[in-house]
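No lab work stands behind these numbers, since they all come straight from the coordinates. It should be emphasised that the depicted structure is a prediction, and the values quoted were computed from it without experimental measurement. FYI the Cβ positions are ideal-geometry reconstructions off the backbone, even for glycines, and counts take in every protein chain you see.
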Amino acid sequence: MIAALAFYLFAAILIASAVMVVTARNPVHSVLFLILAFFNAAALFLIAGAEFLAMTLVIVYVGAVAVLFLFVVMMLDIDFARLREGFQRYAPVGAVIGGILFLELLLVVGSWSFADQAEDLRLAPITGDVTNAQALGRVIYTDYVYLFQTAGLILLVAMIGAIVLTHRQRPGTRRQNIAAQVNRSGSVLLEKVPSGAGIATLGIRRPPEPEAEKPKVTHEAGHGHGGHH
């Protein structure tokens, strides 16, 4: 009973926070609602007995991805008024794409059915000597190891492509050449300066400080009391 109530509670908060991610006007608030959705999804994983997936969701998505989204949104100077200018022009195209995706979801849900062995597998006892992380690792690195490695290579290529596309060569920018600095010879002269002598012994003198300008004295010709009447 308590598990069912907790499931419906976390599921309701998850759906509400997901709706607020899309409908919130402030992008910072959207990211915060996204973090809330991740936490509630992790709680649902815990209720289902998948503690490894719950911890992965919190550590990877909340600790890295969502925080990265938050920093990017806060650092970028986005003109939201300019972004909303073309909303009405692209609204029909967006409505058509949304309708196509909705029809695809209806086809998937309408043709989906339970497997014959699903009820038996659900009631099958779980061995106590195998944890959730061990079972998941056996499936990924035994049955789907090639697909897992392929996914990793695709992500690596995407990361390299993003770096190449965003890298810019700016002319006139001075860059540090570490190899030239390490291999230089004869360009560094060490001088032993006595304690308290200062840099004047090396022929380096400070420029004289400019003198403070003296206030100008102005004499105003005034009329005394002893003038002729």
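Applied to the stretch 134-148, the Karplus parametrisation 6.51 cos²θ - 1.76 cosθ + 1.60 on θ = phi - 60° returns per-residue 3J(HN,Hα) values of 5, 5, 5, x, 5, 5, 5, 8, 10, 7, 10, 5, 5, 5, 5 Hz, with x for Gly and Pro. Using R₀ = 41 Å, calculate the FRET efficiency as 1/(1 + (r/R₀)^6) where r is the Cβ-Cβ separation of Ala158 and Arg184; round to 0.05. That pair, Ala158 with Arg184, gives E of 0.55. Judged by the gyration tensor of its Cα atoms, with axes a ≥ b ≥ c, the stretch 12-114 is oblate; a/c meets the 1.5 cut and b/c is at least as large as a/b.
For the stretch 8-66, rounded, prolate or oblate, judged on the Cα gyration tensor with a ≥ b ≥ c (square roots of eigenvalues), a/c < 1.5 rounded, else prolate if a/b > b/c? Oblate, since a/c reaches 1.5 and b/c is not below a/b.
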